[in-house]
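As structure tokens, the structure follows; a few thoughts come after it.
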Amino acid sequence: MEGIEEMSKGSRPRPSIVSQEELAQRHEGIFGNKEPKLRWVPPPLPEDMQGIKSSFEQQLGTTKLPPGRT
């Protein structure tokens, strides 16, 4: 077609209402400087259960996990 300029989708930026500085401040406020979440640690077993072997240990004879498992 003659007379029609082809323009790709990303040829020029769209106009923005918010300045780049304000956008950076908002982004930092939303995503930056979050405190790490506390990790849950199960409570210790009662004394009468501490000597019991787990089913994993009973079946495999070890408490060590194979490499690559968590």
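The values are calculated or read from the model by the stated rules, or taken from the named source; none is laboratory data. Owing to the predicted nature of the structure, the values given are computational and were not obtained by experimental measurement. With ligands, DNA and RNA removed, areas are computed over all heavy atoms of the protein, side chains included. Shrake-Rupley method; radii C 1.70, N 1.55, O 1.52, S 1.80 Å.
A quick yes/no check of all residues on (1) at pLDDT below 85; (2) open to solvent by less than 100 Å² (accessible area, probe 1.4 Å):
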| site | (1), (2) |
| --- | --- |
| 14 | yes, no |
| 21 | no, no |
| 33 | yes, no |
| 49 | yes, yes |
| 57 | yes, yes |
| 61 | yes, yes |
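Scanning the range 5-61 for residues that are among the small types (Gly, Ala, Ser), in a loop (DSSP other than H, G, I, E, B) and on the phi < 0 side of the Ramachandran plot yields 8, 10, 11, 16, 19, 32, 51, 54.
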